[in-house]
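Report on one structure; see the data block that follows.
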Amino acid sequence: MEIDIQFRPSYSLAVVKLVPNERIRADSGAMVSHSASVEVETKAEGGLFKSLGRAVLGGESFFQNFWVAGPQGGEVTLAPNLPGDIVRIDMTGAPLMVQSGSYLASENGIELNSKFSMKAFKAGEGVSMLEANGSGKLLVSSYGAIFEKDLTPGEKYIVDTSHLVAFSAAMDVQVKSVGGLKSVLLSGEGLVVELTGPGKIYIQTRSPQALISWIIPQVPQKSN
């Protein structure tokens, strides 16, 4: 499988080249185009309860699409719902926590589970995030560009919860406020998380929550 990510970082498109009979798993609605030789298989991967857990707790679609190349191979292109970036992560066995809505696609060797986790709760994603395990290529998406940060052992880094895309599952996560009470009330900043290395963090440069907060006052209100 070859993956070429084009038009980064604003309107990223993943162009996936599949060898004969190879397949890639993608979130529902992610497909933009594909070769005539590529077919789709749609199913609740892992059974009813795993699929329900991913949908309710992980924020992903109940059904997953598997794009399968024919005897001559083929191509499928994928893109996220929001304008932004796509990053390919080459996983080698170390699990990764992925925020709700950022999973785009993965190879067969990657398993996705929704996991009850205090780390997810502290990261501002409710009580659960998607946990990606295994080896292979994983595609995650963002709103805006993706900033990648590698932390050394013991190094601490603070991220606004609405900008967190993914992070190494082994990292320690602590929720914090921005400064004192005055800063919390007046700074316009929300809760943040402090992550401690070693590990890697993927951060989106724009916040969907900030976009929603900007749009709502612009919507005309119904007059009585």
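Do we have residue 124 as part of a loop (DSSP other than H, G, I, E, B) and at pLDDT 75 or above here?
Values: part of a loop (DSSP other than H, G, I, E, B): yes; at pLDDT 75 or above: no.
It is false that residue 124 is part of a loop (DSSP other than H, G, I, E, B) and at pLDDT 75 or above.
Take the residues of region 60-86 that are part of a strand (DSSP E or B) and over 14 Å from residue 106 (Cβ atoms): which is nearest to the chain's Cα centre (by Cα)?
Of everything passing the filter in region 60-86, 84 is nearest to the chain's Cα centre (by Cα).
So residue 165 clears everything in (1) under 14 Å from the mean Cα position of the chain (by Cα); (2) at pLDDT 95 or above; (3) buried (at least 17 other Cβ atoms within 10 Å of the Cβ) except one condition, right? Which one?
Tallying (1) under 14 Å from the mean Cα position of the chain (by Cα); (2) at pLDDT 95 or above; (3) buried (at least 17 other Cβ atoms within 10 Å of the Cβ), residue 165 fails exactly one: (2).
A quick yes/no check of all residues on (1) over 22 Å from residue 9 (Cα atoms); (2) at pLDDT 80 or above; (3) surrounded by fewer than 14 Cβ atoms within 10 Å (Cβ to Cβ):
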{"residue": "179", "(1), (2), (3)": "yes, no, yes"}
{"residue": "185", "(1), (2), (3)": "yes, no, yes"}
{"residue": "198", "(1), (2), (3)": "yes, yes, yes"}
{"residue": "207", "(1), (2), (3)": "no, yes, no"}
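Taking region 73-82 as the search range and keeping residues that are modelled with pLDDT under 95 and surrounded by fewer than 21 Cβ atoms within 10 Å (Cβ to Cβ), which one is farthest from residue 29 (Cα to Cα)?
Selected residue: 82.
Give me the pairs: first residue in region 1-29 and farther than 21 Å from residue 43 by Cβ, second residue part of a loop (DSSP other than H, G, I, E, B) and of a type in the set (Ser, Thr, Tyr), beta-carbon distance under 7 Å, and six or more apart or on different chains, which are they?
What qualifies is 5/12.
With respect to residue 89, is the statement that it is among the hydrophobic types (A, V, I, L, M, F, W, C), under 16 Å from the mean Cα position of the chain (by Cα), modelled with pLDDT of 95 or more and over 26 Å from residue 38 (Cβ atoms) true?
Considered against the rule, which asks whether it is among the hydrophobic types (A, V, I, L, M, F, W, C), under 16 Å from the mean Cα position of the chain (by Cα), modelled with pLDDT of 95 or more and over 26 Å from residue 38 (Cβ atoms), residue 89 comes out as no.
Among the numbered conditions (1) surrounded by fewer than 23 Cβ atoms within 10 Å (Cβ to Cβ); (2) under 26 Å from residue 40 (Cα atoms); (3) modelled with pLDDT under 95, tell me where residue 98 comes up short.
Looking at each condition in turn, residue 98 falls short on (1).
Please go through region 127-151 and pick out each residue that is crowded, with 18+ Cβ neighbours inside 10 Å, at pLDDT 90 or above and of a type in the set (A, V, I, L, M).
Across region 127-151, the qualifying residues are 132, 138, 139, 140, 146, 151.
The values are calculated or read from the model by the stated rules, or taken from the named source; none is laboratory data. Small disclaimer: the values here were computed from a predicted structure and weren't measured. FYI the Cβ positions are ideal-geometry reconstructions off the backbone, even for glycines, and counts take in every protein chain you see.
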